[in-house]
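Each remark here refers to the structure printed beneath this line.
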Amino acid sequence: MNDNIGFDDIRLEYLSIAEARRRSGLRLVLGAYPIPGPWREACKGLFDVKGLTYDSVCTANAGASDLDFGMNGTQSELYAWTAQSSAPVAIWNDERPRSSWIDQLNLAERLAPEPRLVPSDITERMQMVGFINEIAGENGFGWNKRLLLVHDGLSALSPQDEGYTFWKTLADKYLYTPERGVAAKARAIDVLKLLGAQLALQQQRGRRYLVGERLSALDIYFATFYALIDPLPPEVCPMASSYRPSYVNHDPDIAAAVTPALAAHRDIIYREHLVLPIAF
């Protein structure tokens, strides 16, 4: 694939896993291919908002994306270090690697308590955790958007076709079945409607963010996962052009579940809190 994305001056510099294991401090294992993988971008966003510096790490397969981790034989070093084969992973000094969103958030809060991204109020904190899990957890919004991609990909191909192996491997990673592929759309819509209602309630209270009165991790996860509906424009998200069509939503029912305020909220969070242009 030969995509001319520009922005060479903002490209991340990646360490190999071998190099990263010899270092201390904060290291984030990320897919190096230029697509805004939502789990990757959310993890980066947590530490960026905290003002924490980190080394970016990629596996031996320098062209891997978050779609590719664990799909070939190049991830043995990652597995040996982290006991799993997906990115992102956050590692602090010689502590255990953190590969789940909740562990990454807790690490960010401990390393830099301010600005806090977890509400101090227990009700708001429980709301935030529940909402993020519906976005980023297993069988959440991001998971089901991947199931939709797999469903479309496998439905259009036979086992003999080029590309079938890629989609079949991705299907295995996300526990795809045809029944789950059909159900994925409704689950994704449910999450979007819930987030839209939550933002509307907050705005009625005179609040700008999805929970509480200040930026929380929920806003970061929403903004980064919104790339699965409508990626930021090329001038601030110079993603590989061949991947952009698969990120853009083409389903009118999913589009109808997104309120104008919800769509605008992504832009506000990026403009006021996250790093632009997105660096790959």
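Against the condition surrounded by 16 or more Cβ atoms within 10 Å (Cβ to Cβ), touching a strand residue (DSSP E or B) at 6+ places or on another chain (Cβ under 9 Å) and under 20 Å from Val49 (Cβ atoms), how does Ala108 come out, does it pass?
For Ala108, the condition - surrounded by 16 or more Cβ atoms within 10 Å (Cβ to Cβ), touching a strand residue (DSSP E or B) at 6+ places or on another chain (Cβ under 9 Å) and under 20 Å from Val49 (Cβ atoms) - is met.
Yes or no: segment 45-56 includes at least one residue that is modelled with pLDDT under 95 and either under 23 Å from Ser241 (Cα atoms) or crowded, with 19+ Cβ neighbours inside 10 Å (or both).
no
Examine segment 194-214 for a residue that is under 19 Å from the mean Cα position of the chain (by Cα), surrounded by fewer than 19 Cβ atoms within 10 Å (Cβ to Cβ) and either in the same structural domain as Glu41 (by TED's automatic domain parsing) or more than 19 Å from Phe141 (Cβ to Cβ) (or both), and state whether such a residue exists.
Checking segment 194-214: not a single residue is under 19 Å from the mean Cα position of the chain (by Cα), surrounded by fewer than 19 Cβ atoms within 10 Å (Cβ to Cβ) and either in the same structural domain as Glu41 (by TED's automatic domain parsing) or more than 19 Å from Phe141 (Cβ to Cβ) (or both).
Can you tell which of Asp190, Asp172 is assigned to a helix (DSSP H, G or I) and loosely packed, with under 14 Cβ neighbours inside 10 Å? Let's see the steps before the verdict.
On the way: Asp190 fails: loosely packed, with under 14 Cβ neighbours inside 10 Å.
Answer to the check: Asp172.
Need pairs with beta-carbon distance below 9 Å; first residue under 12 Å from Ile91 (Cα atoms) and within segment 16-41, second of a type in the set (D, E, K, R) and part of a loop (DSSP other than H, G, I, E, B); sequence gap 6+ or separate chains.
From residues that are under 12 Å from Ile91 (Cα atoms), the pairs are Ser24/Asp94; Leu30/Asp66.
Condition first: touching a Gly at 6+ places or on another chain (Cβ under 9 Å) and surrounded by fewer than 18 Cβ atoms within 10 Å (Cβ to Cβ). Now tell me which residues in segment 87-99 satisfy that.
Asn93
Please specify each residue of segment 16-35 satisfying the condition of being in contact with a Leu (Cβ under 9 Å, 6 or more places away or on another chain), at pLDDT below 95 and within 27 Å of Leu218 (Cα to Cα).
Result: Leu30, Gly31, Ala32, Tyr33, Ile35.
Within the set of pairs 6+ apart or on separate chains, which have a first residue in segment 109-127 that is part of a loop (DSSP other than H, G, I, E, B), a second that is surrounded by 12 or more Cβ atoms within 10 Å (Cβ to Cβ) and small (Gly, Ala, Ser), and C-beta atoms under 8 Å apart?
Close Cβ pairs (under 8 Å, with a partner that is surrounded by 12 or more Cβ atoms within 10 Å (Cβ to Cβ) and small (Gly, Ala, Ser)) amount to Leu117/Ala108; Leu117/Ser216; Leu117/Ala217; Val118/Ser216; Val118/Ala217; Pro119/Gly212; Pro119/Ser216; Asp121/Gly212.
When the residues of segment 225-254 are filtered to those that are without any contact (Cβ under 8 Å) to a residue 24 or more places away in the chain and outside any loop (DSSP other than H, G, I, E, B), which remaining residue is nearest to the chain's Cα centre (by Cα)?
Checked segment 225-254; the qualifying residue nearest to the chain's Cα centre (by Cα) is Arg244.
The values are calculated or read from the model by the stated rules, or taken from the named source; none is laboratory data. None of these values were measured; they are calculated from a predicted model. Using ideal geometry, Cβ is built from the backbone for each residue, glycine included, and neighbour counts are taken over all protein chains shown.
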